[in-house]
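The values are calculated or read from the model by the stated rules, or taken from the named source; none is laboratory data. Computed from a predicted structure; not experimentally measured. Every residue, glycine among them, receives a Cβ derived from its backbone with ideal geometry; neighbour counts consider all protein chains shown.
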Amino acid sequence: MIKTYKGISIEVCLDLAAIDLDIDKSVIVYTVLEKKGLFKKEFTINVEVPYKEILKKGNGTIKVEDGKIIVKNPTENGSPAIICPSNFAKIKVDDIFIAKEKDVYEHSIIEYYPIEEEASRTMDIIISPDNLKAFLSINYEAKKNLELKNCKDKNKLELEFLIKDRIFPPKFKISEIKEELSKKHIAYGIIDKTIENCVEKEEVKNIVIAQGQAIVDEVDDYIDFKFEIDSDIKQLKEDKEGNIDFKSIGAVSAIQVGAIIAVKVSAENGTEGIDIFGNKKKFKVGKKLNLKVSDGCKLQDENTVVAETSGKPCIKNGTFYIFKLHEIAKDVDLKTGNINFVGDIVIHGEVKEGMQVISGNSIVIDGNIERSVISGKGDIILKGNVIASKVNGGGEDLAKLKIIQNLGDFYLDLKNMIDAIEEIKKFNLLGYDITDGNIIKVLVENKFKNIPRYYMNAIKDATVSKDPASKKMIVVFKEKLIGLAPLSIKHYSELYPILEMLEGELLILRANQSLPVTVKVGYCQDSEIVSSGDIIFTGSGLYISNVSGNDKILFLQDRCVTRGGSIKAGSEIRSKIVGSEGGVATRLSVNKEGHIWIDLAYENTILTVGSKEYVLDSKSRNVHAYINEDYELVVDKLKY
């Protein structure tokens, strides 16, 4: 019980409480409620009245004994006993349910009704998103029978209850669980043993009671290569961060007659899937491979390729070959004569001045090369220095690449010109009276000025290739696009056959194109090196040389130098040190989609990306040149 006292100080309040309660001031437990007034202060405190003082002052009491509520009336000026509402029971005093504290007396009729929730049970079945599993959860809630808890006399009572016993609902039967499965149309993969175990448990949480059959797709046929093979699957390996594993480029490896080159591993049979609703799902059929062999190889059976001759295994366009190996243990000079071999060539000595080494596939030269010509249709590995020499990797593919580039540019410009003609006609940009032929002539002379150059290059290419289809195409070009010829065109749709010709020729050229080759060089000086694929410098670099790679040009060693000359690549150049303190002009070029990276570049280093050019005017590091989304040349660099 709490009583409130007011006074001009806390001490006065405590004195008042001590006199009123007839207790020692030192044992009073109080709480300061309020302090107010600036000049005249007033304090208010709450004092907790000890139980013995409640009885002493004649307050009414209430207690619980053996399930009965017993009330004793107050005496003298005491306060009546109080019963409080309960969260666990509804309480009625004199036939009225109470919602707040209520004074009670001996004559009060007090009734209580414990709130007892009925027993309940829940069952939930969840189906996985792929319809392959059904999960069961079961929960049982018992009914709690309550009894009133005894308590001693007090002035204010809030009923407390004890749980006398619990009555659980009946457990779910197997038939009830299966009925719920049926309602959800689950008919396949029901696990009866698990359901039997579930009905015995007090609680079940997400237990799989039905499981379908997952689809097992067929595995594609694949080839187990028994030797390192030059093919479209052998490339520079690059990780997610763009770092290149240069060790992934192998050297020439020879095999002997009868050796197994490759084994086809056939696809495993797939398995249909069935979901828990009984729906069948088809598996993915694996890709089938047919082994094809040519020179130097044979099929031991339908799954095994073996070598008929000694040499180097190779696969191109899905067909296995054996390139014979020509090995020279000494220098190539006037005594040996020029080397021209259809297969692989390995030279353990040097190539002396004025000599030629020509291979139908790969070349490996251990020694230096001076004032000589090296040409191969496969990879070329030059371990020594290359001085005043010409190196050609890719053979006739280099000529094909130039033709493909020229015809591809021709095709794009012609297609864009047709789009421009349609735009001009749609909005009458040149007037109503102008003919399609005049529009074409104006566009060729003013916007698509490269078309005559493409035509001249096509004439040169046709002369080299001696292809009748190319010569016929050139005649059509001349009759429609060159000089005054466009004026004879009545409708621009006459250009569509030219587009079709270009597209057809490009398809043929690309289909017959061999795989790009890699040229690896230690050091070169005053030389010319070209490759239909990559060029990789493994030694100290180059000096005043012209180097052209259709894809990448890479310099590996940290102090590798590029000094003077021209370096041209298709997609990227990664170099270490470019130029010199003296400012020797060194040009690095890539296509418009390409990138140039330089660790350290000196003044007068010329960077060309597509048709845009930039000249460094100071020594710089971490240089990166590229064309951005706005078709502008960006050169990122740091001052050295």
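Being closer than 18 Å to R121 by Cα and of a type outside the set (D, E, K, R) is the filter; apply it to the range 187-228 and report the residue that is surrounded by the fewest Cβ atoms within 10 Å (Cβ to Cβ).
So the first thing to find is which residues in the range 187-228 are closer than 18 Å to R121 by Cα, and the list is 195-207.
Subset that is of a type outside the set (D, E, K, R): 195, 197-199, 204, 206-207.
Numbers: I195: 19, N197: 13, C198: 21, V199: 15, V204: 22, N206: 10, I207: 16.
Taking the candidates together, the pick is N206.
Given the conditions (1) under 24 Å from I508 (Cα atoms); (2) among the acidic types (D, E); (3) outside any helix (DSSP H, G or I), report the number of the one that D433 does not fulfil.
(1)
Does V391 count as crowded, with 21+ Cβ neighbours inside 10 Å, farther than 13 Å from F323 by Cβ, in contact with a strand residue (DSSP E or B) (Cβ under 6 Å, 6 or more places away or on another chain) and not aromatic (F, W, Y)?
Values: crowded, with 21+ Cβ neighbours inside 10 Å: yes; farther than 13 Å from F323 by Cβ: yes; in contact with a strand residue (DSSP E or B) (Cβ under 6 Å, 6 or more places away or on another chain): yes; not aromatic (F, W, Y): yes.
In short, yes.
Please specify each residue of the range 506-522 satisfying the condition of being at pLDDT 85 or above and in a helix (DSSP H, G or I).
Passing the criteria: none in range.
So which pairs qualify, if the first residue must be in the range 489-503 and assigned by TED's automatic domain parsing to the domain that holds V476 and of a type in the set (F, W, Y), the second must be assigned to a helix (DSSP H, G or I) and loosely packed, with under 13 Cβ neighbours inside 10 Å, the Cβ gap must be under 9 Å, and the two must be at least 6 apart or on different chains?
Y492/E422
Restricting to the range 181-202, name every residue that is touching a strand residue (DSSP E or B) at 6+ places or on another chain (Cβ under 6 Å) and more than 13 Å from I276 (Cβ to Cβ).
T194, I195, C198
Could you tell me which residue of the range 290-311 is farthest from V263 (Cα to Cα), considering only residues that are more than 38 Å from the chain's Cα centre (by Cα) and of a type in the set (D, E, K, R)?
Across the range 290-311, the extreme among qualifying residues is D295.
Give all pairs with beta carbons closer than 7 Å in which a residue from the range 596-623 that is without any contact (Cβ under 8 Å) to a residue 12 or more places away in the chain meets a residue that is surrounded by fewer than 22 Cβ atoms within 10 Å (Cβ to Cβ) and not aromatic (F, W, Y); count only pairs at least 6 apart in sequence or on separate chains.
Once the first residue is without any contact (Cβ under 8 Å) to a residue 12 or more places away in the chain and sits in the range 596-623, its partners that are surrounded by fewer than 22 Cβ atoms within 10 Å (Cβ to Cβ) and not aromatic (F, W, Y) give V615/N604; V615/I606.
Touching a helix residue (DSSP H, G or I) at 6+ places or on another chain (Cβ under 8 Å) and in a helix (DSSP H, G or I), is that true of F410?
It is true that F410 is touching a helix residue (DSSP H, G or I) at 6+ places or on another chain (Cβ under 8 Å) and in a helix (DSSP H, G or I).
Give me the strands (runs of 3 or more DSSP E) completely within the range 95-154, filtered to those with at least 1 residues that are closer than 30 Å to D192 by Cα and β-branched (V, I, T), ordered by residue number.
By residue number, 120-127, 133-141.
Given the residues K226, K164, which is the only one that is at pLDDT below 90, of a type in the set (K, R) and under 30 Å from L291 (Cα atoms)?
K226
Report those strands (runs of 3 or more DSSP E) wholly inside the range 574-620 carrying at least 1 residues which are acidic (D, E) and either under 17 Å from Y640 (Cβ atoms) or over 30 Å from the mean Cα position of the chain (by Cα) (or both).
595-601, 612-615
Can you tell me which residue among F427, F448 is more than 16 Å from E503 (Cα to Cα) and either β-branched (V, I, T) or in contact with an Asp or Glu (Cβ under 8 Å, 6 or more places away or on another chain) (or both)? Give the derivation first.
Details: F427 fails: either β-branched (V, I, T) or in contact with an Asp or Glu (Cβ under 8 Å, 6 or more places away or on another chain) (or both).
Just a single option satisfies the conditions, and that option is F448.
Being among the aliphatic types (A, V, I, L, M) and loosely packed, with under 14 Cβ neighbours inside 10 Å is the filter; apply it to the range 110-140 and report the residue that is nearest to the chain's Cα centre (by Cα).
Per the stated criteria, the residue is I126.
I'd like to know if the range 530-546 contains one or more residues that are among the β-branched types (V, I, T), part of a strand (DSSP E or B), within 31 Å of the chain's Cα centre (by Cα) and in the same structural domain as A585 (by TED's automatic domain parsing). Explain how you work it out, then say what you get.
Kept after step one, since they are among the β-branched types (V, I, T), are these residues of the range 530-546: 530, 535-536, 538, 544.
Next cut, part of a strand (DSSP E or B) only: 530, 535-536, 538, 544.
Next, only the ones that are within 31 Å of the chain's Cα centre (by Cα) stay: 535-536.
Adding the requirement that they be in the same structural domain as A585 (by TED's automatic domain parsing) leaves 535-536.
There is at least one residue in the range 530-546 that is among the β-branched types (V, I, T), part of a strand (DSSP E or B), within 31 Å of the chain's Cα centre (by Cα) and in the same structural domain as A585 (by TED's automatic domain parsing).
What's the number of the condition V475 fails, among (1) part of a helix (DSSP H, G or I); (2) at pLDDT 90 or above; (3) exposed (fewer than 12 other Cβ atoms within 10 Å of the Cβ)?
Result: V475 fails condition (2) only.
Just wondering, is there one or more residues in the range 248-259 that are at pLDDT 85 or above, surrounded by 14 or more Cβ atoms within 10 Å (Cβ to Cβ) and either of a type outside the set (S, T, N, Q) or more than 30 Å from I347 (Cα to Cα) (or both)?
Yes: the range 248-259 contains one or more residues that are at pLDDT 85 or above, surrounded by 14 or more Cβ atoms within 10 Å (Cβ to Cβ) and either of a type outside the set (S, T, N, Q) or more than 30 Å from I347 (Cα to Cα) (or both).
Out of K149, K184, K143, K164, report the one residue that is surrounded by fewer than 17 Cβ atoms within 10 Å (Cβ to Cβ) and farther than 29 Å from E101 by Cα.
K184
Please work out which one of (1) surrounded by fewer than 16 Cβ atoms within 10 Å (Cβ to Cβ); (2) closer than 21 Å to H491 by Cα is the condition Q405 fails and give its number.
Condition not satisfied by Q405: (2).
Would you mind finding the one in L146, L159 that is in contact with a Pro (Cβ under 6 Å, 6 or more places away or on another chain), of a type outside the set (S, T, N, Q) and farther than 22 Å from F277 by Cβ?
Numbers: L159 fails: in contact with a Pro (Cβ under 6 Å, 6 or more places away or on another chain).
Only one candidate qualifies: L146.
Tell me, yes or no, whether the range 509-526 has at least one residue that is under 34 Å from the mean Cα position of the chain (by Cα) and within 13 Å of T562 (Cα to Cα).
No, there is no match, as no residue in the range 509-526 is under 34 Å from the mean Cα position of the chain (by Cα) and within 13 Å of T562 (Cα to Cα).
Give the residue, chosen from D245, D239, that is at pLDDT below 90, surrounded by fewer than 11 Cβ atoms within 10 Å (Cβ to Cβ), assigned by TED's automatic domain parsing to the domain that holds V305 and under 30 Å from A307 (Cβ atoms).
Selected residue: D245, the only one of D245, D239 that is at pLDDT below 90, surrounded by fewer than 11 Cβ atoms within 10 Å (Cβ to Cβ), assigned by TED's automatic domain parsing to the domain that holds V305 and under 30 Å from A307 (Cβ atoms).
Go through (1) surrounded by 16 or more Cβ atoms within 10 Å (Cβ to Cβ); (2) aliphatic (A, V, I, L, M); (3) modelled with pLDDT of 90 or more for I54 and report which single condition fails.
Here I54 meets the rest and fails (3).
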